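The values are calculated or read from the model by the stated rules, or taken from the named source; none is laboratory data. Note that the coordinates shown come from a computational prediction; the quantities given were computed from them, not determined experimentally. Here the Cβ positions follow ideal geometry from the backbone for every residue, glycine too, while neighbour counts run over all protein chains shown. Side chains included, ligands, DNA and RNA excluded: accessible areas come from the protein's heavy atoms. Shrake-Rupley method; radii C 1.70, N 1.55, O 1.52, S 1.80 Å.
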Amino acid sequence: GAVVSQHPSWVICKSGTSVKIECRSLDFQATTMFWYRQFPKQSLMLMATSNEGSKATYEQGVEKDKFLINHASLTLSTLTVTSAHPEDSSFYICSAPGTSGTSPYNEQFFGPGTRLTVT
Amino acid sequence: GENVEQHPSTLSVQEGDSAVIKCTYSDSASNYFPWYKQELGKRPQLIIDIRSNVGEKKDQRIAVTLNKTAKHFSLHITETQPEDSAVYFCAASTGGFKTIFGAGTRLFVKA
């Protein structure tokens with residue numbers, strides 16, 4: 001249980017175009033999901049908290065008009081990188097808190113990530 | 001804001017030796033401390049976690065310790081094997097929700 005999927009797994013787009021990345025919780029509901037970006041050989045940087053039915057909460061320094069987040073249902077959050085530029089090229093990973101069944105506490109379940117390359 | 005510091009950034013050990021990675025956190029409200037292993041191009045995988053009401057936890061060759069007063073927690077891997085080579089991230093969160101990651105430690109286990 002507690003599987004998170006992401007689509008696409010990789011995407012190449014031209015500078016100036018927009019790209020949408022989907023994050024789905026497959027067998028559980030997630031009212032909250034998180035979006036991270038990871039540059040090569042660096043850590044996961046939290047970009048924003050996606051909240052079902054309300055606006056996302058962005059971390060300091062992350063442009064909300066650049067990275068549009070929509071959490072339209074209890075199992076789906078989308079991240080749209082608008083007017084992408086080469087510096088947006090990165091590995092984007094989503095996660096959702098859930099329980100594994102062996103513990104009553106939440107842990108983060110990560111999607112497989114999306115590698116975005118902007119040319 | 002919340003911050004998690006992790007050391008060392010790179011660690012090289014001989015197969016069979018132990019490896020220790022240390023982290024400190026700033027948010028005193030943090031109560032859940034997971035450790036993740038990430039292989040190149042893949043998602044982070046939870047390897048062990050500890051909660052604030054516990055001082056130590058062990059799972060086979062992996063152990064974690066937590067000093068809540070000092071806001072320190074550590075990962076210990078004993079009898080390291082080449083397949084342990086990866087990047088390890090510590091993290092801190094409150095209630096298992098918003099999670100802040102350390103910078104990561106690249107572990108090399110030499111055969």
Using the heavy atoms of the protein chains and a 1.4 angstrom probe, tell me the accessible area per residue for the range A:1-89 in square angstrom. 54 Å²
DSSP-loop GluC sites (Glu not before Pro) across the range B:44-108, with at most 13 other Cβ within 10 angstrom: B:Glu79
Mind checking which of A:Ser89, A:Phe109, A:Asn51 is farthest towards the positive end of chain A's charge dipole, using Cβ charges of +1 (Lys, Arg) and -1 (Asp, Glu) about the Cα centre? A:Ser89
For chain B, what is the accessible area per residue in Å², given a 1.4 Å probe and the full set of protein chains? 49 Å²
For chain B the mean separation of alpha carbon contacts under 8 Å (6+ apart) over residue count, i.e. relative contact order in percent, is 38 percent
A:Gln38 neighbourhood, Cβ < 15 Å, K/R = +1, D/E = -1, net charge +3
Too long at a 21 Å Cα-Cα cut-off: which of B:Lys57/B:Lys110; B:Lys68/B:Lys98; B:Lys37/B:Lys58; A:Lys20/A:Lys66; B:Lys37/B:Lys57; B:Lys22/B:Lys68? B:Lys57/B:Lys110
If you roll a 1.4 angstrom probe over the protein chains with everything in place, what fraction of the accessible area of the protein assembly as shown belongs to carbon and sulfur, to the nearest %? 50 percent
